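Just so it is clear, none of the values below were taken in a lab; they were calculated from the coordinates. On a predicted model such as this, the values are computed, not experimentally measured, just so you know. Glycine gets a Cβ as well: all are built from the backbone with ideal geometry, and neighbour counts include every protein chain shown.
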Ligand SMILES: Cc1cc2nc3c(=O)[nH]c(=O)nc-3n(C[C@H](O)[C@H](O)[C@H](O)COP(=O)(O)OP(=O)(O)OC[C@H]3O[C@@H](n4cnc5c(N)ncnc54)[C@H](O)[C@@H]3O)c2cc1C
């Protein structure tokens with residue numbers, strides 16, 4: 001006889017805590033391979049209108065490898081309608097002292113390839129498409145508005161205590177629960193983090209002039225101001241500002257905020273109108289000491305977080321997803337334990353160095369680009385001029401921004417996921 005008062009115990013092969021874009025993508029990859037997966041997320045289901053998501057009004061510039069992964073998961077076709085090609089990356093260094101004009105360099109994808117650098121997609125669209133995909137996968141259970149409250153180890157895997165009163169056990173538990181990762185803390189994996197005195201303001205605009213698929217990153221002393229093309233005559237903005245000023249700007253009414261915005265855009269896109277909500281994201285970096293423990297793996301921002309410069313964060317996280325999914329699918333095909341420690345060590349080894357080098361580069365780039373030093377301003381001008389005038393250097397930088405020297409996980413090369 002079962003005890004009427006004991007909680008319902010769910011049993012899965014993999015359980016994922018956190019349904020942000022990384023957790024959703026991992027669930028979709030595992031579900032496509034018929035691996036029995038539970039995804040638990042605190043957030044409620046999304047509103048229908050992708051521009052009205054008050055929580056995440058960002059877009060993600062996805063590089064081709066990330067798109068290949070989403071395609072393998074069956075989640076790219078639904079994004080295409082909202083995706084905008086990124087053909088040119090323009091970097092602008094503002095004039096300083098007696099200089100009259102800014103210096104700038106264009107990285108044009110057509111110089112190295114027939115295809116664009118990638119596509120820009122609203123996060124809310126990506127989330128909705130991934131949620132829809134999960135609902136089509138019989139081996140995935142997706143619980144929204146549900147919190148992981150407890151995490152206890154047992155011989156056969158971690159036991160999750162959920163806010164809906166249920167419990168859940170799986171061969172492998174994955175922490176995909178963001179920068180402050182409650183699961184990482186519950187397991188006791190240490191991490192180092194450091195804040196920057198900056199906040200990223202995000203919003204969408206409509207404009208009268210076409211953006212011509214050019215993404216423009218202008219370097220101000222407080223941080224980069226980036227315009228990223230969206231469908232039609234729309235762009236998304238990531239405006240990195242000193243935190244106290246960012247708070248004031250976020251508190252302003254639409255008219256005053258738009259005025260300040262126009263000063264940054266400098267007439268590049270004609271007349272400008274704000275639409276949708278504004279968001280503010282305090283910037284920090286974080287690196288977890290380890291990406292695994294017994295029967296436990298960390299992915300994405302639960303394992304590492306970067307300042308939002310050069311559109312790296314989610315693209316890097318999707319590489320975690322691709323590597324872990326590939327190892328788990330192979331293991332499942334061999335009918336072996338998905339919480340195997342050797343598999344988890346392989347995952348950690350494959351990801352730690354790549355993440356560390358990208359984090360160091362993003363940290364250095366953020367400090368180099370966000371300051372008022374006359375010397376560093378001159379160095380930035382010289383750098384841009386060298387890149388502008390020396391095509392091989394420009395081509396090398398474009399190629400290395402889109403690939404990892406450590407190779408590309410096969411799920412990011414266009415390979416299908418087989419059951
Ligand atoms: C301004 C800005 C612009 C960016 N632009 C780009 C870009 O252009 N390209 C790019 O590649 N990256 C970009 N990034 C980075 C990217 O947005 C993040 O890396 C990504 O959104 C993080 O996703 P995640 O799934 O790791 O974490 P999150 O989105 O933080 O998801 C974690 C989830 O876990 C849930 N959760 C937390 N605790 C619990 C719990 N106890 N129980 C259940 N669920 C829980 C949360 O509710 C949340 O849904 C940008 C970042 C910023 C700040």
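What the table shows:
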{"item": "Label zone at residue 273 (point 7 Å along Cα-to-Cβ), backbone N below 17 Å, region 186-224", "result": "204-211"}
{"item": "Computed over the chain, the ratio Rg/Rh where both radii use C-alpha atoms and Rh is Kirkwood", "result": "0.98"}
{"item": "Among 118, 276, 20: highest mean-square fluctuation, GNM of the chain, C-alpha pairs under 10 Å", "result": "276"}
{"item": "Mean Cα-pair separation over length for region 79-196, i.e. relative contact order, pairs under 8 Å, 6 or more apart, %", "result": "15 percent"}
{"item": "With Cα atoms, 0 to 90° folded angle of helix 21-32 axis to the chain main axis", "result": "50 degrees"}
{"item": "Computed [θ] at 222 nm, helices only, for the chain once each DSSP H run of length n ≥ 4 contributes -39500 (n - 2.57)", "result": "-11000 deg cm²/dmol"}
{"item": "Length-normalised contact order of the chain in % [C-alpha pairs under 8 Å, at least 6 apart]", "result": "22 percent"}
{"item": "Gaussian network model of the chain, springs between alpha carbon atoms under 10 Å - residue of 161, 267, 279 with greatest fluctuation", "result": "267"}
{"item": "For 207, 304, order by how many other beta-carbon atoms lie within 10 Å, fewest first", "result": "207, 304"}
{"item": "Scattering profile of region 130-230 at q = 0.10, 0.13, 0.16 Å⁻¹ [log10 I(q)/I(0), Debye over alpha-carbon scatterers]", "result": "-0.57, -0.80, -0.92"}
{"item": "Principal-axis tilt of helix 341-369 within the chain, Cα atoms, nearest 10 degrees", "result": "20 degrees"}
{"item": "Whole-number D in µm² s⁻¹ for region 142-196, Kirkwood Cα-pair radius fed into Stokes-Einstein, 10 °C, 1.306 mPa s", "result": "128 µm²/s"}
{"item": "Over region 180-281, relative contact order from alpha-carbon pairs under 8 Å, at least 6 apart, %", "result": "36 percent"}
{"item": "Angle in degrees between helix 374-389 and the longest Cα principal axis of the chain, rounded to the nearest 10", "result": "90 degrees"}
